[in-house]
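*Asks:* Quick one: structure below, then a few questions.
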Amino acid sequence: MSRLLELQRRIAAMSLGRLEPEALAGEVRDDRAIPAAQRLMIYRNNTLLGLVDPLAATFPVVAQLVGEDFFRQMAGDFVRAHPPRRAELLAYGQEFPGFVADYPAASSVPYLSDMARLELAWTFAYNAPDRDPLPPQALARFAADQLERLRLTPHPSLRFVASNWPVMAIWQAHQMEGGPDGAIDLDAGGDMLLVYRPRQDTLIRKVSPGAFAYVMALAARQSLAAAVTSALAVDPDFNVTGELSALFAADLFAEAISS
Amino acid sequence: MNTGIGLKAQHMAEILETRPALGFLEIHAENYMGDGGAPHRWLSAIAEHYPLSVHGVGLSLGGAQPLDLDHLEKLASLVEQYEPRLVSEHLAWSVMGGHYLNDLLPIPYDEESLALVAAHVEQVQDRLGRQILIENPAVYVAFDGTLAEPQFLAELARRTGCGLLLDVNNIYVSHHNVGLEIEPYLDTLPRQAVGEIHLAGHHVRRIGDAEIRIDDHGSAVCTEVWDLYRQAVARFGAVPALIERDSDIPALSVLLEEVETADRIRREEGARHVSAA
């Protein structure tokens with residue numbers, strides 16, 4: 001192994017808190033005024049700051065829910081356990097919801113992990129490729145016998161978030177300057193959410209369990225007929241005509257292919 | 001090109017509305033590596049009115065391991081899409097064992113490092129099909145090396161044909177932190193190699209009785225750094241300069257005042273050149 005590679009391995013380990021800076025003191029030029037270990041700690045701090053800040057940008061509601069100090073501690077622990085795999089940090093934190101779910105000190109906020117998933121979905125949609133949605137009249141060009149076998153592709157920015165908690169109401173309440181202005185009923189029931197960005201704005205749309213299953217089936221490239229079956233399995237009263245036109249009106253679809 | 005500033009989300013609408021007299025706007029490449037959405041919408045609007053500079057922070061050119069080719073491809077797409085006037089990266093490393101540290105870590109200045117960085121710079125220039133500028137780092141530690149930093153940069157430029165992005169604040173910070181010598185620094189760099197100058201602020205942290213200067217781009221450019229800028233303009237001429245602010249970002253008007261100061265220094269030094277000729 002080259003000398004440089006070995007040196008960088010050791011500095012990286014130090015920056016990620018896996019090696020004490022004192023172990024590297026002999027590698028850097030000596031300076032009596034400031035000990036080498038303290039100089040090296042600046043790099044460790046910079047790395048922590050440089051990786052916690054992007055997480056704070058992606059998970060602002062999680063941070064509000066637990067407070068800035070707690071969030072930075074938890075995010076720092078996450079950074080050391082899951083350093084990013086790439087230099088483009090827009091998608092950093094894929095494992096953060098799971099990490100939060102297993103973070104003992106956060107267990108008093110049972111919806112924290114679901115909120116992290118919602119914020120991750122929001123960031124994904126925010127940075128997703130631009131794609132014009134299909135207009136509501138797009139289905140009109142298909143004959144009735146074609147419709148059954150039609151494959152309707154949801155917008156590529158779409159992410160699904162299901163939670164046993166009212167995470168959409170909690171998320172909305174924390175978009176206001178200064179935080180929520182009223183109490184949120186945590187017993188209000190769960191949310192089935194579609195998070196996507198058909199045009200400029202990123203949308204969070206609450207849907208019925210049937211519609212959620214329906215869109216999931218379409219995203220898995222099932223035909224319209226098969227998707228209805230999936231929806232009826234979770235919701236016997238699923239009204240395909242009404243739900244489909246509502247989803248079209250909400251700009252959810254990107255492509256319709258007759259197969 | 002007149003002096004530019006780093007493009008920040010909170011200034012975009014005002015820049016598009018008021019169109020201040022900026023020479024260019026510089027972006028961090030990694031912030032625009034998403035596929036679509038608002039960042040690209042804003043940047044495209046800005047690009048209609050101003051030249052761009054793409055400043056990468058994540059290539060890890062000084063890393064002992066091979067470059068991340070996916071990252072290089074993303075940089076190449078960004079450069080193809082926006083056709084920036086300038087493309088730059090750092091004399092530093094930030095990737096090890098497949099992990100990205102989001103920090104600009106220093107390298108020893110010796111032949112091993114030089115060969116490695118030169119190979120990486122050539123790889124990037126080959127892929128982009130253009131020259132890139134390499135920025136001198138701000139450091140908190142120094143290694144025993146056989147070359148001084150400006151010699152290293154001069155030789156890198158000679159071997160690869162890369163240009164240099166001279167960060168005068170980084171010279172000043174490294175001078176205080178590890179005794180980097182300021183005096184022969186500018187004269188050691190080849191006159192034609194410097195293609196951009198960065199100006200930024202730093203803060204002073206006390207450790208015991210000693211001081212260390214942290215390059216956080218979070219405050220105004222200090223007097224000593226303006227003096228260094230004047231010397232740099234005298235030696236390298238009117239190359240594009242950038243006011244760089246990445247934390248505690250002030251109102252646009254505050255940055256525009258610093259832009260005006262940089263432009264004034266350039267005019268004064270330019271006039272001196274003419275009268276001396």
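Please treat every number below as a calculation from the coordinates, not as lab data. The shown structure was predicted, so the numbers you read here are calculated from the model rather than taken from an experiment. Note that we place each Cβ from the backbone using ideal geometry, even for glycine, and neighbour counts take in every protein chain shown.
*Asks:* Roughly what % of Cα-Cα distances in the protein assembly as shown sit above 43 Å, to the whole percent?
*Replies:* Tail of the P(r) past 43 Å holds 27 percent of the pairs.
*Asks:* Continuing with this model, one more query. Taking R0 as 45 Å, what FRET efficiency do you get between A:GLU177 and A:GLU20 from their Cβ-Cβ distance, rounded to the nearest 0.05?
*Replies:* Numbers: r = 43 Å, r/R0 = 0.95.
Computed FRET efficiency for A:GLU177 and A:GLU20: 0.60.
*Asks:* Considering only C-alpha atoms, what is the centroid distance from region A:155-190 to region A:5-22, in Å?
*Replies:* Between the Cα centres of region A:155-190 and region A:5-22 lies a distance of 41 Å.
*Asks:* May I pose another question? Along each of the three principal axes of the Cα atoms of region B:163-277, give the extent in whole Å, ordering the values from largest to smallest.
*Replies:* 50, 35, 24
*Asks:* In whole Å, what is the distance between the alpha-carbon centres of region B:8-35 and region B:158-192?
*Replies:* Using only Cα atoms to place each centre, the spacing works out to 27 Å.
*Asks:* Farthest toward the dipole's positive end in chain B, which of B:PRO137, B:LEU91, B:TYR229, given Cβ charges of +1 (Lys, Arg) and -1 (Asp, Glu) about the Cα centre?
*Replies:* B:TYR229
*Asks:* So for region A:67-118, what percent of the C-alpha to C-alpha distances run longer than 12 Å?
*Replies:* Every Cα pair in region A:67-118 considered, those over 12 Å come to 65 percent.
*Asks:* Mind checking region B:181-277 for trypsin sites (Lys or Arg not before Pro) that DSSP puts in a loop (not H, G, I, E or B) and that have at most 12 other Cβ atoms within 10 Å?
*Replies:* Taking region B:181-277 and a limit of 12 other Cβ atoms within 10 Å, the loop trypsin sites (Lys or Arg not before Pro) found are B:ARG191.
*Asks:* Just how far, in whole angstrom, is region B:207-277 from region B:90-107 if you go by their alpha carbon centroids?
*Replies:* 27 Å
*Asks:* Could you work out the Kirkwood radius for chain A, taking every pair of different alpha carbons, averaging 1/r and inverting it, reported in Å?
*Replies:* Computed over chain A, the radius equals 21.3 Å.
*Asks:* Can you pull the one-decimal nm distance between simple spin-label points at B:GLU80 and B:SER253, each 7 Å off the Cα toward Cβ?
*Replies:* Roughly 4.4 nm, to one decimal.
*Asks:* Moving to a separate point now. Quantify how strongly other chains surround peptide A:55-64 by giving the mean number of their Cβ atoms within 10 Å of each of its Cβ atoms.
*Replies:* Neighbouring Cβ atoms belonging to other protein chains average 0 per residue here.
*Asks:* Say the dipole of region A:1-109 comes from +1 at the beta carbon of Lys and Arg and -1 at that of Asp and Glu; which of A:ALA37, A:PHE71, A:PRO83 then lies farthest toward its positive end?
*Replies:* Checking the options against the dipole of region A:1-109, the answer is A:ALA37.
*Asks:* Right, something else. Tell me, what ³J(HN,Hα) does each residue in region B:224-234 have, in order and in whole Hz, if you take phi through Karplus 6.51 cos²θ - 1.76 cosθ + 1.60 with θ = phi - 60° and put x for Gly and Pro?
*Replies:* Each residue's phi maps through the Karplus curve to give 5, 6, 4, 4, 5, 4, 4, 5, 5, 5, 4 Hz.
*Asks:* Springs between alpha-carbon atoms under 10 Å, Gaussian network over chain A: tell me which of A:SER15, A:SER163, A:SER108 tops the mean-square fluctuations.
*Replies:* A:SER108
*Asks:* Along the three principal axes, how long is chain B when you take its alpha carbons, biggest first, rounded to the nearest angstrom?
*Replies:* 51, 46, 46
*Asks:* Now for a different question. Between A:SER108 and A:SER2, what is the label-point separation in nm under the 7 Å Cα-to-beta-carbon projection?
*Replies:* Computed distance between label sites A:SER2 and A:SER108 equals 5.1 nm.
*Asks:* Consider just the alpha-carbon atoms of region B:1-118 and return their Rg together with their Dmax, both in angstrom.
*Replies:* Rg, Dmax (Cα atoms, Å): 15.9, 50.
*Asks:* Tell me, what HN-Hα J-couplings in whole Hz come from the Karplus equation 6.51 cos²θ - 1.76 cosθ + 1.60 at θ = phi - 60° for each residue of region B:83-88, using x for Gly and Pro?
*Replies:* 6, x, 5, 10, 10, 9
*Asks:* Something else about it: In region A:1-109, how does Rg compare with the Kirkwood Rh, expressed as the Rg/Rh ratio over alpha carbon atoms?
*Replies:* 1.05
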